[in-house]
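What follows is one structure encoded as structure tokens, with my remarks underneath.
Read the figures in this text as sums done on the coordinates, not as results from a lab. None of the values given here were measured: they were computed from a predicted structure.
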Amino acid sequence: MAKANKEKLLEDLERTKARRLEIDRKIQELEQKILDCTRQEIVGLVEEANLTPDQLKVVIGYAKQGKFGMIPGKEEKKNEG
């Protein structure tokens, strides 16, 4: 009786492991699709802003410095008075 129970448990373990592998593959697939969507969003934003690669680099540099809202080639003019 214990032997039959052990065999059922082993079979259940193997089925469960197989389901886990399938779930892990599905998770990786979904994560990749999310990453692809995120990249497409970024590309869309860059295209919408009509930025060249060099301008995008400058904008990212501004963002790293906390200079949000800056436009490449149109640096903020200081008001001296």
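Tabulated results
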| quantity | calculated |
| --- | --- |
| Whole-Hz couplings from phi, Karplus 6.51/-1.76/1.60, listed for the range 53-64; x for Gly and Pro | x, 5, 5, 4, 4, 5, 4, 5, x, 4, 4, 4 |
| 3J(HN,Hα) from dihedral phi, the range 28-36, Karplus parametrisation 6.51/-1.76/1.60, rounded to Hz, x for glycine, proline | 4, 5, 5, 4, 5, 5, 5, 4, 4 |
